[in-house]
Amino acid sequence: MFELLAVMILLAFLLAWRWRRRESAWMPRELRRAELAYAEKLFKARGPVTLTAKVDRAYRRRDGVIVLVELKTRRGHRHYPSDVIELSAQRGAIMKETGETVALRAYVLVQDLSRRRTVHRVDLLDEGQVDTLIERREAILSGRLQPERANSAKLCQTCVYKDRCL
Amino acid sequence: MKNQPARSRRSVSASELAQMGVCEQRVLCEHLYGKPRTVQQRADAARGDEEHRRFYEARKGRCFIATLVYGESREVMVLRSFRDRVLRASPMGRGLILAYYRIAPGVCKVLAERPRLIRIVRGLLRLLVWGAERMTKDGGARDV
C-alpha cells in the first residue's frame with residue numbers, strides 16, 4: 001500500500017511539474033506569483049441597470065489588487081474594443097459587489113484553432129465610462145438615441161442582420 | 001454564451017455590453033429580432049464553450065483518504081485544488097484520479113480500524129499537501 005502511495009505521489013509531482021510549465025507559459029510576469037482569486041464566477045452590480053459579469057479568471061497580486069484575464073478563442077491573434085468593454089464591465093461588477101480594487105489593466109488571452117495562445121495587455125475603461133456606455137445602450141434600446149453603424153464593411157457583409165439593418 | 005443574457009432592459013451582461021464596441025446597430029437588431037446565429041457562429045460558440053470548459057474545469061468531489069485523516073480541513077481543500085487543477089488537466093491525471101477512487105474506499109476501511117496507521121498516513125500526506133500547495137500557488141482553492 002505504501003509503495004502504491006509513493007508511486008502515486010511521484011506521478012502526481014511529475015504531472016504537476018509538466019502541467020505548471022504548460023499552464024504558466026502564457027502568463028504575464030506580474031501574474032506568475034499572483035493567487036487565483038476567482039474563476040468562472042458570476043458577479044452582479046445592482047443599480048438602475050443591473051450589470052452581470054462572469055469572470056474567466058481573476059488573480060490577486062501580492063499588493064491585493066485584482067487583475068482580470070479573459071480567454072477568447074479566435075482565428076487571429078488580436079484583441080478588439082469589445083474585449084476592453086467586457087473586461088471593464090467585469091471590473092465594475094467585481095468592484096461593486098466585493099469592494100475589492102481591480103486593476104485598470106487586464107489581459108486578453110487569445111487561443112487559436114491549433115490551441116496556440118498569445119496574451120494581450122489592455123487598458124480598461126473606468127467605472128464612469130462603463131456607466132455611460134450602459135446608459136447609451138439603454139437609450140438605443142428604448143429608441144431615444146440613434147445607434148451608430150460599425151465602421152467595418154467586412155463586418156456588415158457577414159452580419160446576420162444585414163437585410164434588416166435600419 | 002458565457003455571460004448570462006439580460007432578462008429585461010434593466011439588466012445587461014458584460015458580453016452584451018461588449019457588443020456596443022462591435023456595432024450599435026447590431027445591438028438594436030438583436031434586441032428587436034433576437035439572436036439568430038449562422039452555422040459558423042454556432043460552431044465557433046461551441047468551440048469556445050469547450051475551450052472554456054477545458055481551461056477552467058475545476059469540480060469539487062470526493063477526497064476519501066485525506067478527509068478520513070484530516071476531516072474537512074485546509075489540507076483537504078489544498079488536495080482538492082491540486083486534483084482539480086493539476087491532475088484533471090491531463091488524461092494521465094484523470095486516470096490516476098479514477099484509480100484512486102477505486103482503491104480509496106478499501107484503504108479507508110483498513111485505516112478506519114487502525115488509528116496508528118492514520119497517524120503514519122497523515123505524516124506522508126503532509127508531504128503531498130506541502131508539494132500540492134506549492135504547485136497550485138498560482139491558483140488557490142478559493143472560489144475555484
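The values are calculated or read from the model by the stated rules, or taken from the named source; none is laboratory data. This is a predicted model, so every value here is computed, not measured. Using ideal geometry, Cβ is built from the backbone for each residue, glycine included, and neighbour counts are taken over all protein chains shown.
Take the conditions (1) in a helix (DSSP H, G or I); (2) within 12 Å of another protein chain (Cβ to nearest Cβ); (3) buried (at least 16 other Cβ atoms within 10 Å of the Cβ); A:Met95 misses just one of them, which is (2).
What do you reckon, is A:Lys72 facing chain B (nearest Cβ under 7 Å), closer than 30 Å to A:Leu155 by Cβ and within 14 Å of the chain's Cα centre (by Cα)?
Judged against the criteria, A:Lys72 is not a match.
Of the residues B:Ala104, B:Ala14, B:Ala66, B:Ala46, which single one is at pLDDT 75 or above, of a type in the set (A, V, I, L, M, F, W, C) and touching a strand residue (DSSP E or B) at 6+ places or on another chain (Cβ under 8 Å)?
Details: B:Ala104 fails: touching a strand residue (DSSP E or B) at 6+ places or on another chain (Cβ under 8 Å); B:Ala66 fails: touching a strand residue (DSSP E or B) at 6+ places or on another chain (Cβ under 8 Å); B:Ala46 fails: touching a strand residue (DSSP E or B) at 6+ places or on another chain (Cβ under 8 Å).
B:Ala14 is the lone residue from the list that is at pLDDT 75 or above, of a type in the set (A, V, I, L, M, F, W, C) and touching a strand residue (DSSP E or B) at 6+ places or on another chain (Cβ under 8 Å).
Checked against the criterion of being closer than 20 Å to A:Val49 by Cα, modelled with pLDDT under 95 and facing another protein chain (nearest Cβ under 8 Å), the candidates A:Leu155, A:Leu141 yield just one match: A:Leu141. Within the range A:139-166, residues that are in a loop (DSSP other than H, G, I, E, B) sit with their Cβ atoms under 7 Å from residues that are small (Gly, Ala, Ser) and exposed (fewer than 15 other Cβ atoms within 10 Å of the Cβ), at 6+ positions apart or across chains, in these pairs: A:Leu145/A:Ala139. The set of residues in the range A:12-35 being more than 9 Å from chain B (Cβ to nearest Cβ) and modelled with pLDDT of 80 or more consists of A:Trp26, A:Pro28, A:Arg29, A:Glu30.
B:Gly139 passes every criterion in (1) at pLDDT 80 or above; (2) more than 20 Å from A:Met8 (Cβ to Cβ) apart from (1).
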